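Please read the structure below before turning to the comments.
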Amino acid sequence: MLSSKFSQNLSKVAKKTDDYLKKFFFKKNISPLIKPMKYGLFSGGKRFRSAIVVSTGKIFRIDSKKLIVIGAAIECIHSYSLMHDDLPSMDNDSLRRGKFSTHKKFNEFTAILAGNSLLTSAFEILSSRNLNLTSKTKNELVESLSLCCGYEGLARGQYCDLTFEHKKISVQKIINMQKNKTGKLFGFCCESVGIIKNASFKEKKFLKNLGIKIGLLFQIVDDLIDYYGDKKIVGKFTKKDAVKGKATLVNLWGYKRSLSFAKNLKKEIENKILKYGYKSNDLLECVDFILKRKF
Ligand code: GRG
């Protein structure tokens with residue numbers, strides 16, 4: 001069972017993130033791309049990445065307003081990645097978050113351009129004057145987010161995910177692909193807090209690796225949900241990974257062994273977080289949610 005305190009916290013963070021994003025895009029209705037961008041962005045995502053930023057920030061007592069801005073930038077990139085992931089040339093999915101994927105609702109070129117625009121919006125948000133951080137800190141945030149999205153991060157992971165289809169891929173290669181595809185953005189969720197705090201290089205690296213492991217766990221559970229989940233609850237078609245010959249632990253090992261791997265990974269993550277003591281309770285709740293989630 002999900003703790004009601006966690007559900008309330010997640011809803012609060014989701015609302016604050018959405019409020020920020022609605023305000024950010026409010027005055028920008030002049031572009032015809034705003035409508036498909038908003039469609040992809042406000043289609044009912046959990047805003048879990050934003051919750052990871054806020055919970056990690058709590059450990060270091062960082063002003064939650066700044067954390068919401070960082071979370072909003074990350075959610076733009078996350079929504080962009082889903083819009084492109086659903087395209088016919090990628091995973092070819094017509095359903096996302098219980099609604100038509102953006103290219104089904106509009107068309108392919110619109111989904112590509114609206115996605116690209118959400119990517120650049122993330123950097124517009126991070127470099128904005130309204131974000132009360134020094135230029136040095138903003139530069140570091142922009143540099144780190146750029147690295148985690150592109151050829152060494154999400155795009156690389158997605159490239160491997162697609163090229164690995166219907167091939168026999170080793171466990172280590174699957175894990176590396178998932179760390180890039182999903183883990184790196186979670187890595188930035190945690191590392192960004194260290195950057196704002198002006199933490200040591202060692203601490204920032206620790207936070208980044210912690211986030212990558214959290215993201216890996218999130219992806220493995222996503223694959224478990226694809227195996228057993230209900231389309232109505234998940235908001236997208238399930239049982240696709242087997243048909244597509246996706247390189248996942250579930251397809252390689254089966255459900256039981258993958259679940260046991262996920263449980264051990266969760267323990268490893270919890271042990272790492274414990275060094276922060278009681279201030280890390282919210283982050284521990286987030287990690288707990290990952291294995292309990294049904295959507
Ligand atoms: C984004 C820079 C960039 C490149 C595009 C298309 C692509 C490269 C990457 C796709 C990566 C991808 C789709 C990863 C899947 C991650 C995942 C488990 C998504 C589901 O996340 P939830 O459950 O979704 O948080 P909601 O709908 O709640 O937001």
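The values are calculated or read from the model by the stated rules, or taken from the named source; none is laboratory data. These figures come from a predicted structure and were not determined experimentally. Methodologically, a virtual Cβ is constructed for each residue, glycine included, from the backbone with ideal geometry; neighbour enumeration extends over all protein chains shown.
Would you confirm whether or not the range 188-207 contains a residue that is in a helix (DSSP H, G or I), modelled with pLDDT of 95 or more and in contact with a Cys (Cβ under 8 Å, 6 or more places away or on another chain)?
Scanning the range 188-207, I find at least one residue that is in a helix (DSSP H, G or I), modelled with pLDDT of 95 or more and in contact with a Cys (Cβ under 8 Å, 6 or more places away or on another chain), so the answer is yes.
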Whether any residue in the range 18-39 is under 27 Å from Leu217 (Cβ atoms), in contact with a Cys (Cβ under 6 Å, 6 or more places away or on another chain) and of a type outside the set (S, T, N, Q) is what I want to check. no
Can you name every residue in the range 150-194 that is within 10 Å of the ligand (Cβ to nearest atom) and crowded, with 21+ Cβ neighbours inside 10 Å? Gly153, Leu154, Gly157, Asp161, Gln178, Asn180, Lys181, Thr182, Gly183, Lys184, Leu185, Phe186
Cβ-Cβ below 8 Å, separation at least six or inter-chain, first residue in the range 238-253 and without any contact (Cβ under 8 Å) to a residue 40 or more places away in the chain, second small (Gly, Ala, Ser) and surrounded by fewer than 16 Cβ atoms within 10 Å (Cβ to Cβ): which pairs? Asn251/Ala242; Asn251/Gly245
Tell me which residues, restricted to the range 220-279, are modelled with pLDDT of 95 or more, small (Gly, Ala, Ser) and not in a helix (DSSP H, G or I). Gly245, Ala247, Gly254
Residues of the range 23-52 classified as among the basic types (Lys, Arg), within 16 Å of the ligand (Cβ to nearest atom) and over 21 Å from Leu131 (Cα atoms), total: 2
Subset of the range 66-90 (residues that are farther than 18 Å from Gly153 by Cα, touching a residue at least 60 places away in the same chain (Cβ under 8 Å) and of a type in the set (D, E, K, R)): Lys66
Do we have Ser117 as polar (S, T, N, Q) and over 17 Å from the mean Cα position of the chain (by Cα) here? yes
Does the range 205-219 contain at least one residue that is over 17 Å from the mean Cα position of the chain (by Cα) and either more than 16 Å from the ligand (Cβ to nearest atom) or surrounded by 15 or more Cβ atoms within 10 Å (Cβ to Cβ) (or both)? yes
Within the range 67-91, how many residues turn out to be acidic (Asp, Glu) and either closer than 19 Å to Lys12 by Cβ or part of a helix (DSSP H, G or I) (or both)? 2
From the option list Leu126, Leu95, Leu113, single residue qualifying as within 20 Å of Lys22 (Cα to Cα) and surrounded by fewer than 18 Cβ atoms within 10 Å (Cβ to Cβ) is Leu113
Of the conditions (1) over 30 Å from Leu284 (Cβ atoms); (2) crowded, with 18+ Cβ neighbours inside 10 Å; (3) among the basic types (Lys, Arg), Arg47 clears all except one; give me its number. (1)
Quick check, is Asp230 closer than 24 Å to Lys46 by Cβ and within 11 Å of the ligand (Cβ to nearest atom)? no
Give the residue, chosen from Ile125, Ile112, that is within 12 Å of the ligand (Cβ to nearest atom) and in contact (Cβ under 8 Å) with a residue 24 or more places away in the chain. Ile112
